[in-house]
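Visitor: Before I ask anything, let me first share the structure, which is written out below as structure tokens.
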Amino acid sequence: MIPEIGHILLIITFVATIMQVLFWIYNIKSFNGFALNILKKSSLINFLFILSSFFILTYSFIVSDFSLLIVSNNSHSLKPLIYKISGVWGNHEGSLLLWVLILSAFTFLVSKQNSDINAKLLSSIIGVQTLILGLFLAFILFTSNPFERVEILPLDGRGLNPLLQDPGLALHPPMLYIGYVGLSVSFSFAVGALITGEIN
């Protein structure tokens, strides 16, 4: 039941991103502080929901819930805790979930900037970031669901890829993703400035 909650949180976040992007597009010409505040709060909710979903997947790895396909394919009950946790992103589906978690975190951090950026530009930056987040969530939900169940419960998991069973490789993907996903902020700044014509 717990993994289903993680899946539902991702679905809710995906629907919310669609609504946020439509709200941004509808108000793009006349953005005010109230509308910007809604986008800011939405980015916080997106981050919290995806963080909760990621924690649920991590918990499933820690307790060796082999009813999840991703856990049975990438973990083993006898593995050390560090490799159970790194198994979360040691595969395609989990690494995508880590990617959107970092993306939602950057979107939230950008939304906290309210000193030097005017409301119109900041709303467009958040809007572009949210659009990117929604596209990644759609990819996860429709093609790479990390909460997919197995039909027949296995006795134990296959274990993490031996090439990934190294402390350095356990830390490598999160560090790499922070750098990669961080570039989306620069992209959103550029696109937001082009859309609004606001460069300050």
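Visitor: For Trp24, what is the net charge nearby, where nearby means another residue's Cβ is under 14 Å from its Cβ and Lys, Arg count +1, Asp, Glu -1? Before the final figure, lay out each step's value.
Guide: Numbers: positive: Lys29, Lys40, Lys41, Lys120; negative: none.
Computed value for this residue: +4.
Visitor: Write down the accessible area per residue of the chain in Å², having rolled a 1.4 Å probe over the full set of protein chains. Don't skip to the answer; put the middle values down first.
Guide: Details: 10180 Å² over 200 residues.
With the other protein chains kept in place, the chain gives 51 Å² per residue.
Visitor: Hand me the trypsin sites (Lys or Arg not before Pro) from segment 90-158 located in a DSSP loop with no more than 15 other Cβ atoms within 10 Å, in residue order please. Mind dumping the intermediate values first?
Guide: Details: sites: Lys112, Lys120, Arg149, Arg158; in loops: Lys112, Arg158.
Listed in order of number, the matching sites are Lys112, Arg158.
Visitor: Ok, one more. Let me check I've understood the local charge: for Leu57, count other residues with C-beta under 14 angstrom from its C-beta, Lys and Arg +1, Asp and Glu -1. What total comes out?
Guide: Details: positive: Lys84, Arg149; negative: Glu4, Asp65, Glu93, Glu148.
Around Leu57, the charge tally is -2.
Visitor: Scan segment 28-93 for trypsin sites (Lys or Arg not before Pro) in coil per DSSP, keeping those whose Cβ has at most 12 other Cβ atoms within 10 Å, and list them by number. Provide the component values of the computation, followed by the final result.
Guide: Numbers: sites: Lys29, Lys40, Lys41, Lys84; in loops: Lys29.
Within segment 28-93, the qualifying trypsin sites (Lys or Arg not before Pro) (loop, at most 12 other Cβ atoms within 10 Å) are Lys29.
Visitor: Need the list of lysines near Lys40 for cross-linking: C-alpha distance under 22 angstrom, and skip anything on the same chain fewer than eight residues off.
Guide: Lys29, Lys112, Lys120
Visitor: Could you compute the net charge surrounding Leu78? Neighbours are other residues with a C-beta less than 13 Å from the C-beta of Leu78; K and R count +1, D and E count -1.
Guide: Working: positive: Lys79, Lys84, Arg158; negative: Asp156.
Computed value for this residue: +2.
Visitor: Between His92 and Ile152, what length in nm is gained on full extension when 0.36 nm per residue of separation is reduced by their alpha carbon distance? List each step's numbers first, then the result.
Guide: Values: separation 60, 0.36 × 60 = 21.60 nm, distance 2.17 nm.
Contour length minus Cα-Cα distance gives 19.4 nm.
Visitor: Kindly sort Phe54, Phe49 by accessible area of their heavy atoms, largest first, with the probe set to 1.4 Å. Spell out each step's value before the answer.
Guide: Numbers: Phe54 20, Phe49 65 Å².
The ordering from most to least exposed comes out as Phe49, Phe54.
Visitor: With an 8 Å cut-off on Cα pairs and a minimum separation of 6 or more residues, tell me the relative contact order of segment 96-195 in percent. Each step should come with its number before you reach the end.
Guide: Values: 54 pairs, mean separation 52.7, N = 100.
Averaging sequence separation for qualifying contacts and normalising by length gives 53 percent for segment 96-195.
Visitor: Counting other Cβ atoms within 10 Å of each Cβ, which GluC sites (Glu not before Pro) in segment 109-200 have at most 11 and sit in a DSSP loop? Before the final figure, lay out each step's value.
Guide: Working: sites: Glu148, Glu151, Glu198; in loops: Glu148, Glu151, Glu198.
Taking segment 109-200 and a limit of 11 other Cβ atoms within 10 Å, the loop GluC sites (Glu not before Pro) found are Glu151.
Visitor: Which translational diffusion coefficient, to the nearest whole µm²/s, is obtained for the chain from the Stokes-Einstein equation, given a Kirkwood hydrodynamic radius over C-alpha pairs, 10 °C and 1.306 mPa s?
Guide: Working: Rh = 17.7 Å.
After rounding, the answer is 90 µm²/s.
Visitor: Relative to the longest principal axis of the C-alpha atoms of the chain, give the angle of the C-alpha long axis of helix 2-26, reported between 0 and 90° and rounded to the nearest 10°.
Guide: Approximately 20 degrees, to the nearest 10.
The values are calculated or read from the model by the stated rules, or taken from the named source; none is laboratory data. Only a predicted model underlies this, so the values are computations on that prediction, with no experimental measurement involved. Because the Cβ atoms are built from the backbone with ideal geometry, glycine has one as well, and the counts that use them run over all protein chains shown. Accessible surface areas use protein heavy atoms only, side chains included; no ligands, DNA or RNA. Shrake-Rupley method; radii C 1.70, N 1.55, O 1.52, S 1.80 Å.
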